[in-house]
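K.L.:
Okay, here's the structure, questions in a sec.
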Amino acid sequence: MKPESSDKVVCIKAALFFVILFFWVTGVVLICLGASVQMKLSDVSIVVAETSSGAPMVLTIVGMVIFFLSGFGAVAAIKENNFLIKSFTVIMVLVFATEIIVGMSAYSYRDKLHRDVLSRFMKVLNKYGKEKQITRGVDGVQQEFQCCGARNFTDWFNVSSGTFQNSVPISCCRNIVQRCGEDALGHSERLYQEGCVMKMTMWISEHFDLIGAVGVGLGFTQILGILFSCLLVKILRDKYVSM
């Protein structure tokens, strides 16, 4: 091929490797973040897992998919194998399409998801005092998010065990002292009155802009990766000889 064509290929491969490196770093970060959450917030994650049907695992799974996809793409580009690069491109398109579908579905069903989480959290409250891990997890969530109950502190009055009648666990107290959760209606000022589902939703909303920016950046990079892969496939189809 002509020297200018060879220079073009070098540029395209360099750009593709940059995209692949970004994927690899993103995958490692997501995997580490998922592991960190599990290790540092183990008690809280028990309740989160109960209320979200395993949603916290998505972070680690996505990280692993991106990590292995970046490795596959790097091998394909290094070997300049037409079939491998085409496969990498197809997988990228499928992953990108899946992300769009999942994102649109989550946005469309956000109200239903909120109701489902609320319902599941109420079921978790009914396990309080019966299962040690759940009990410790609920206490951890209420202290971490400074909340009480699912919707508000009165949810504790309706737990199936009947343990709390006009009282709440001490983890609902702003200042934890002995018997601070008794006579909750008469001394509500010493309690966290807002529900945990709302507080967790607010926490997610506060970080939504950052999450959205990362998602847009990842999606844009994926589009570039698909474009560069297609260009490289075209050049290799024209019988480019590896340097």
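The values are calculated or read from the model by the stated rules, or taken from the named source; none is laboratory data. Computed from a predicted structure; not experimentally measured. When we count neighbours, we look across all protein chains shown, and the Cβ atoms used for this are built from the backbone with ideal geometry, even at glycine. Please note that ligands, DNA and RNA were not included when accessible areas were found on the heavy atoms of the full protein model with its side chains. Shrake-Rupley method; radii C 1.70, N 1.55, O 1.52, S 1.80 Å.
K.L.:
Could you list which residues have their amide H under 5 Å from that of Glu182, counting only those 5 or more apart in sequence or on another chain, with H placed in the peptide plane?
P.N.:
Those lying under 5 Å, H to H, from Glu182 are Val168.
K.L.:
Oh, and also: Hey, what do the phi angles of the range 167-182 turn into as Karplus ³J(HN,Hα) couplings, whole Hz, using 6.51/-1.76/1.60 and θ = phi - 60°, x for Gly and Pro?
P.N.:
Rounded to whole hertz, the list is 8, 9, x, 5, 5, 7, 7, 5, 10, 6, 9, 4, 6, 6, x, 7.
K.L.:
Another one. Could you go through the range 17-23 in sequence order and give the Karplus-derived ³J(HN,Hα) for each residue, using 6.51 cos²θ - 1.76 cosθ + 1.60 with θ = phi - 60°, rounded to whole Hz, and x for Gly and Pro?
P.N.:
3J(HN,Hα) across the range 17-23, in whole Hz: 5, 5, 4, 5, 4, 4, 4.
K.L.:
Just how large is the dipole of the range 163-206 about the Cα centre, in debye to the nearest 20, putting +1 at every Lys and Arg Cβ and -1 at every Asp and Glu Cβ? If you can, show how the numbers build up before the last one.
P.N.:
Numbers: 4 positive and 5 negative charges, 20 e Å.
In debye, rounded to 20, the range 163-206 gives about 100.
K.L.:
At what distance in nm do the modelled label points of Val10 and Glu189 sit from each other, each positioned 7 Å from its Cα along Cα→Cβ?
P.N.:
7.6
K.L.:
What ranking of Thr163, Thr154, Thr26 comes out by heavy-atom accessible area, probe 1.4 Å, highest first? Present the calculation step by step, with values, prior to reporting the outcome.
P.N.:
Numbers: Thr163 95, Thr154 50, Thr26 25 Å².
Heavy-atom accessible area, descending, gives Thr163, Thr154, Thr26.
K.L.:
Also, I was wondering about something else. Quick query: amide H of Glu194 versus all other amide H atoms, modeled in the peptide plane; which residues come in under 5 Å with a sequence gap of 5 or more or a different chain?
P.N.:
So Glu194 has HN proximity to Cys148.
K.L.:
Still on this structure: Could you work out how much longer the chain between Phe157 and Asn126 gets when fully extended? Use 0.36 nm per residue separation minus the Cα distance between them, nm to one decimal.
P.N.:
Details: separation 31, 0.36 × 31 = 11.16 nm, distance 1.07 nm.
Full extension from Phe157 to Asn126 adds 10.1 nm.
K.L.:
What distance in nm separates the simple spin-label points at Met198 and Ile61, each placed 7 Å from Cα in the Cβ direction?
P.N.:
Inter-label distance under the simple model: 3.2 nm.
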